[in-house]
Amino acid sequence: MRIAVVGRGLIGSAAARHLTLMGHEVTLIGPSEPTEFATHNGPFGSHYDEGRITRGLDPYPFWSRVSLASISRYRDIEAASGVPFFNEVGAMMSGPADSDYVHSLETVMAGNGVMAERFDGAEIAARFPYFQFPDDTRAYYQPKEAGHISPRNLVRAQGIAATRGGAQIIDAEVLDVRDGVTGAVIKLAGQTLRFDRAIVAAGGFTNKLMDDALPLTVYARTVAMFRVTDAEAARLAWMPSLIHVYPTGEDPYLLPAIKYPDGHHYLKIGGDRVDIELTNDEDMRDWFRSGGSVEVGEMLTDMIRDRMPDLAIQEVVVKPCVTTFTPHNHPIIDMLGNHIAVAVAGCGRGAKNSDELGRLAAEAVMGRTDPDTRVPV
């Protein structure tokens, strides 16, 4: 079967690889990462980065399940593509010991068989001296099959593995997708392509191509990057990725020192709760071109100084991204019409588990939709 995948991000590139493994003739379509955000007029993606947390730990059963499935295939994807993207430095999740969050985390750990070490109060600082926590904190540390991934390199790895499996890649913006009488019709600048079926996995830009058919909410997000010296990065070499939940419900994520393309090491913190809704395509483009929120960057800086008071920061850089949510806190991976499937909405959790979401998309376009990912009614 001839199948197009619209969107060369984390879920789309994964779907393309899985479809080639299923024996289909696959075309993966979407623009490459722009070189200059400020002048770029096309769509953007949120995977233009070197750090995302990965772990099986999660207070939600679905997200733990799809994460564990994806992580189990990381090394196979690296081998198939020759592109490394997974750093197994471990991951930790923490919060008030008597909170619903920690109790949910413990329930999911037991149900999904996630192996993690427990630390309470002063035990955390003794084991992880670069962190500081309130005395009532409980933490779970997953040392294996956890840490961080480079989303940029994961996308690259998936694309290479897909092409080695026979897929074609078209570096172009898709202008329109239609459910035709006999198949999917995809319009690019200057040409129209026809396929038996198609998957639309265009992140926050998906609804633009689907006539706003999906119940999606897209929020502007800002991340803060903290440049440190090589010596400071070496001191933190085995620092795990971290998510800490405050009593207020805020749950920022923190990545250890990662080397970026400019040659410097940066820690990264994100997960702000400043909800700026982006209601249309141009709002999203403007947000990516804006460079992010300086005010949110200052809030995130206060958070990292609260958690790591001894961190020697050389420079703070803020960057924009977007997060797409659904009403049921699960992605939408389902058929819309006879020939078109959609795979969208990581709900702020979709990078680490994108390979499994891509596999579910490949199944959905063949008519086998997972009940957890259907369009909510």
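The values are calculated or read from the model by the stated rules, or taken from the named source; none is laboratory data. Since the model is a prediction, treat every value here as computed from it, not as a measurement. Reconstructed Cβ throughout: ideal geometry from the backbone, glycine too, with neighbour counts over all protein chains shown.
Here are some notes:
- If you check Val365, Val318, Val375 for being over 30 Å from Arg73 (Cβ atoms), touching a residue at least 60 places away in the same chain (Cβ under 8 Å), out of contact with any Cys (no Cβ under 9 Å at 6 or more places or on another chain) and not charged (D, E, K, R), only one passes: Val318.
- Look at (1) over 14 Å from the mean Cα position of the chain (by Cα); (2) in a loop (DSSP other than H, G, I, E, B) and you find that Arg359 fails only one, number (2).
- For segment 238-263, a tally of residues being farther than 20 Å from Ser94 by Cβ and without any contact (Cβ under 8 Å) to a residue 40 or more places away in the chain returns 2.
- Residue that is surrounded by the most Cβ atoms within 10 Å (Cβ to Cβ), among those in segment 329-356 that are part of a loop (DSSP other than H, G, I, E, B) and among the polar types (S, T, N, Q): Asn353
- Checking the stated criteria, Ser46 turns out to be of a type in the set (S, T, N, Q), buried (at least 22 other Cβ atoms within 10 Å of the Cβ) and in a loop (DSSP other than H, G, I, E, B).
- Candidates Tyr130, Tyr74, Tyr48 - the one that is touching a strand residue (DSSP E or B) at 6+ places or on another chain (Cβ under 6 Å) and among the aromatic types (Phe, Trp, Tyr): Tyr74
- Applying the criterion of at least 1 residues that are touching a His at 6+ places or on another chain (Cβ under 9 Å) and closer than 25 Å to Arg17 by Cβ to the strands (runs of 3 or more DSSP E) found wholly in segment 174-228 leaves 174-179, 184-188, 191-195, 197-200.
- Filter result (without any contact (Cβ under 8 Å) to a residue 40 or more places away in the chain and assigned to a helix (DSSP H, G or I)) within segment 77-101: Ala79, Asp100
- Condition check for Gly263: among the small types (Gly, Ala, Ser), in the same structural domain as Phe133 (by TED's automatic domain parsing), surrounded by fewer than 16 Cβ atoms within 10 Å (Cβ to Cβ) and in contact with a helix residue (DSSP H, G or I) (Cβ under 9 Å, 6 or more places away or on another chain): no
- Residue in segment 134-141 that is assigned by TED's automatic domain parsing to the domain that holds Val245, among the acidic types (Asp, Glu) and in contact (Cβ under 8 Å) with a residue 24 or more places away in the chain present: yes
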